[in-house]
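These notes are about the structure you will find just below.
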Amino acid sequence: MARARLNSGNAAEEELPKAKINRQSLQNLIKLLSYLRPYRVKFGLGFFFLLLSSISSLAFPAAMGKLIDAATGTLSEGILDNINSIAIALMAILLVQAVFSFFRILWFVEVAEKTLADIRKATYAKLITLPMRFFAQRRVGELNSRISADLSQIQDSITTTLAEIIRQIVVFIGGTIALSLVSGKLTLMMLSILPVLVVVAVVFGRFIRKLSRQAQDKLADSNTIVEETLQGIANVKAFVNEAYEVIRYKRSIDEVVKLALRGAKYRGAFASFIIFCLFGSIVAVVWYGSNLVSQGLITVGGLTTFILYATFVGAAMGSFAELYAQLQKTVGATERVIELLNEDNEAITLTETRTIKNKISGTIDFQGVGFYYPSRKEVQVLNDVSFKANAGERVAVVGPSGAGKSTIASLILRFYEPTQGTLLFDGIPSDAYNLNDIRNQVAIVPQDVLLFGGSILENIQYGKTDATEAEVIQAAQRANAHEFITGFPEGYSTLVGERGIKLSGGQRQRIAIARALLKDPAILILDEATSSLDSESERLVQEALEELMKNRTSIIIAHRLSTIREADRIVVIDKGKVLESGTHAQLIAQENGLYKYLSELQLEG
Ligand code: ATP
C-alpha cells in the first residue's frame with residue numbers, strides 16, 4: 001500500500017496536472033513572481049539580453065542569403081558586397097549571440113535558483129508551522145510533491161519556458177515579417193500550408209505520447225507485481241501461489257504488448273506523415289521558389305534566406321503547443337503552492353531560543369471538555385470530560401481502544417483546541433498562553449518512538465537542541481540508556497535509522513526518555529507502549545520512567561493496568577466520557593465498575 005502510494009507520487013512528479021489559464025491563475029502567478037523582486041535588476045538584464053539574442057538570431061538567415069548571392073554574383077551593391085566581409089559579419093553575429101546567450105542563461109539561472117530557494121524556504125516554514133488538523137487531511141506524499149515537483153516545475157518555467165516563449169514569439173513575428181520582405185508570393189504560399197501541417201503534427205504527436213504513456217503505466221503496474229511478490233516471497237510460497245502470480249504477471253505483460261502494438265501503428269503513421277507531408281511541403285516551397293528564381297523574381301541567396309526563415313517560423317509554431325502545455329502545468333503548480341502559502345499558521349513563533357515567558361507549575365484542569373476532530377465533525381470524540389491533575393501528581397487515563405485517550409494527550413499538547421468547555425493550565429485557560437510556552441513545557445514519550453536518521457547524540461539532543469554533550473550523557477545515564485549506547489563501537493556517534501544500527505523497542509524508548517529528561521518539562525505525557533517488552537528491558541524502561549516522572553505532572557495513558565497502581569488518580573474513560581475516577585483502591589472496590597472489570601480481565605490474561 002505504502003509502495004503503491006510512493007509510486008503514484010513519482011508518477012505525479014513526471015506528469016504534473018495542467019490547469020486552466022484564467023485571470024485568477026494569472027494573479028496567482030504574479031503573486032508568486034513577487035518573490036523575483038529582490039533579483040529584478042538581474043532578471044531585467046537577462047530579459048533584455050534574451051530579446052537581443054533573439055533579434056540577432058534573425059540576422060543570420062539574411063546574412064547567409066547574402067553570402068550565397070555574393071558567391072553567385074547576384075548581390076546588389078551595398079556595404080557588405082563581398083564574401084569575406086559578409087562572412088566576417090556572420091561571425092560577428094554569432095559572437096554577439098554567443099555573448100548575449102551566455103549572460104542571459106547565467107542571470108536567468110541565478111535568479112531562478114535564488115528565487116526558488118526563497119520560495120522553497122517559505123513553503124517549508126509555512127508547512128511545518130501548519131496546525132495538526134491540516135496534516136490529518138493531507139497525504140504526506142502530496143505535500144512532498146508540492147515542495148519537490150511543483151516547485152521544480154516553477155523553476156523550469158523561470159529558467160527555460162519563459163525564455164523560450166519570448167524567443168519564439170520574437171522569432172515568429174520577426175521571421176514572418178522578414179519572409180514577406182524577401183518574397184510576398186512565397187510567404188503566402190508557405191502560410192497556406194505550414195500552419196495546417198504544424199497543427200496536425202502537434203495533435204498527432206500528443207496522441208502518440210498519450211498512448212506510449214499508457215503503455216509505460218501498464219509496465220509500471222506489472223513491475224509492481226514483481227516487486228511485491230519478491231518482497232513477500234515467503235507469503236507467495238506459503239500459499240503455493242506461484243502459478244497464480246505467474247498468470248497475474250503474464251496477463252499484465254500481455255496488456256502492455258497490446259497497448260504498445262496499438263501505439264506502433266500510429267507511430268508508423270506519424271513517421272510517414274512527417275516524411276511525406278512535412279518534407280513534401282518543403283519540396284513544394286523549394287519547387288515554387290526555384291520557379292521564381294528561374295523567372296528572375298528572386299535570387300538563389302534570397303531563396304536560401306527564405307527557406308531558413310521558413311524553418312525558424314515553422315519551428316516556432318510547432319513549439320507553441322508544448323510551451324502552452326508547460327505554462328498550464330506551471331499555473332497548476334503555482335496554484336497548489338499559493339494555496340499552501342495562504343493556509344493559516346499555528347500561532348507558533350519560529351525562534352531557536354527556548355525562553356519561556358509564562359512558566360507553569362503543571363496543574364492541568366479539564367473542565368467539561370468536548371471535542372470533535374475538524375475532519376470528522378459528526379463524531380463527538382470527547383464529551384463533557386472533567387478531571388484535574390495537580391502539579392506534581394500522576395494521573396492515569398485508562399479505557400478501551402478508541403475511548404479518546406490519545407485525543408486527551410493531543411489537547412494537552414494543544415495540537416487541537418477543545419470545541420466545548422475549557423482546558424486550564426495552572427488555573428488559566430490554555431488559549432491565554434503563548435503556544436510556544438505550553439509546548440516548551442510539555443514533553444511526550446510516545447508509543448512508537450520515531451528516531452531521525454542522525455546519530456544517537458543528535459536524537460537525544462532533539463529534546464533541547466542547544467544541550468552540551470555532557471548534558472546529553474547525563475540524561476542518557478538517568479534514562480538507563482548510557483550503558484547500551486557506550487556498548488556500540490561508535491558510542492553516541494552511532495547512526496540510527498536506515499544506514500545505522502537498529503535499536504530495540506526498549507532502547508528506542510529509553511532514548512525518548514532521555515530526550516524528555518533533557519527538555520525537563522513541567523508536564524509529561526506517557527503514552528505507554530502496547531507491545532510488552534521482555535522483563536529485563538521492561539525493568540530498565542520502568543526505572544527510567546520513574547526517574548523521568550519525578551517532580552512533574554505526569555499524565556499516563558496506560559494499557560497495562562499493573563503499571564499505574566501507584567497513580568494519584570485514575571480516570572476511566574469510555575466513548576469519550578469519564579465513567580469513573582479515583583485511586584486504584586477506590587476503583588477496584590466499585591462493584592460493576594469498568595476499571596474493576598478491565599483489571600480482572602487483564603489479570604486473567
Ligand atoms: P487507543 O487506545 O487505541 O490508542 P485511544 O483511546 O487513544 O485509542 P483516540 O486515538 O483518542 O483513542 O481516538 C478516539 C476517537 O477519535 C477514535 O474513534 C478515532 O477513530 C478518532 N480519531 C483519532 N484521531 C483522529 C483524527 N486525526 N481525525 C479524526 N478522527 C480521529
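The values are calculated or read from the model by the stated rules, or taken from the named source; none is laboratory data. Because the structure is a prediction, the values reported are computed rather than measured. All Cβ positions, even for glycine, are placed from backbone atoms using ideal geometry, and neighbour counts span all protein chains on display.
Residue count for segment 323-337 satisfying the condition of being within 12 Å of LEU162 (Cα to Cα) and either surrounded by fewer than 18 Cβ atoms within 10 Å (Cβ to Cβ) or hydrophobic (A, V, I, L, M, F, W, C) (or both): 3. All told, LEU106 falls short of being modelled with pLDDT of 90 or more and not in a helix (DSSP H, G or I).
Take the residues in segment 531-576 that are polar (S, T, N, Q) and under 41 Å from the mean Cα position of the chain (by Cα), then tell me which one is farthest from the ligand (Cβ to nearest atom). It comes out as SER537. Aliphatic (A, V, I, L, M), within 10 Å of the ligand (Cβ to nearest atom) and either surrounded by 15 or more Cβ atoms within 10 Å (Cβ to Cβ) or over 29 Å from PHE134 (Cβ atoms) (or both) - does that describe any residue in segment 358-379? Looking for residues that are aliphatic (A, V, I, L, M), within 10 Å of the ligand (Cβ to nearest atom) and either surrounded by 15 or more Cβ atoms within 10 Å (Cβ to Cβ) or over 29 Å from PHE134 (Cβ atoms) (or both), one finds none in segment 358-379, hence no.
Here ARG439 clears all of (1) in contact with a strand residue (DSSP E or B) (Cβ under 8 Å, 6 or more places away or on another chain); (2) over 22 Å from HIS584 (Cβ atoms); (3) more than 12 Å from the ligand (Cβ to nearest atom) except the condition numbered (1). Being of a type in the set (S, T, N, Q) and within 8 Å of the chain's Cα centre (by Cα) is the filter; apply it to segment 134-171 and report the residue that is modelled with the lowest pLDDT. My answer is SER145.
In segment 389-412, the residue that is farthest from ILE438 (Cα to Cα) out of those that are in a loop (DSSP other than H, G, I, E, B) and touching a strand residue (DSSP E or B) at 6+ places or on another chain (Cβ under 7 Å) is PRO400. Figure legend. Inter-residue proximity from segment 526-541: first residues at pLDDT 70 or above and of a type in the set (A, V, I, L, M), second residues outside any loop (DSSP other than H, G, I, E, B) and within 15 Å of the ligand (Cβ to nearest atom), beta-carbon distance below 6 Å, spacing 6+ or different chains. Indicated pairs: LEU526/VAL445; LEU526/ILE556.
Quick grid of which residues meet (1) away from the ligand (no atom under 16 Å from the Cβ); (2) aliphatic (A, V, I, L, M); (3) free of Cβ contacts under 8 Å to residues at least 40 places away in the same chain; (4) more than 30 Å from LEU413 (Cα to Cα):
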| site | (1), (2), (3), (4) |
| --- | --- |
| LEU127 | yes, yes, no, no |
| ASN144 | yes, no, no, no |
| ILE165 | yes, yes, no, yes |
| GLY175 | yes, no, no, yes |
| LEU181 | yes, yes, yes, yes |
| LEU188 | yes, yes, yes, yes |
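Quick check on segment 424-431. Is at least one of its residues within 13 Å of the ligand (Cβ to nearest atom) and surrounded by 16 or more Cβ atoms within 10 Å (Cβ to Cβ)? For segment 424-431, residues within 13 Å of the ligand (Cβ to nearest atom) and surrounded by 16 or more Cβ atoms within 10 Å (Cβ to Cβ): absent.
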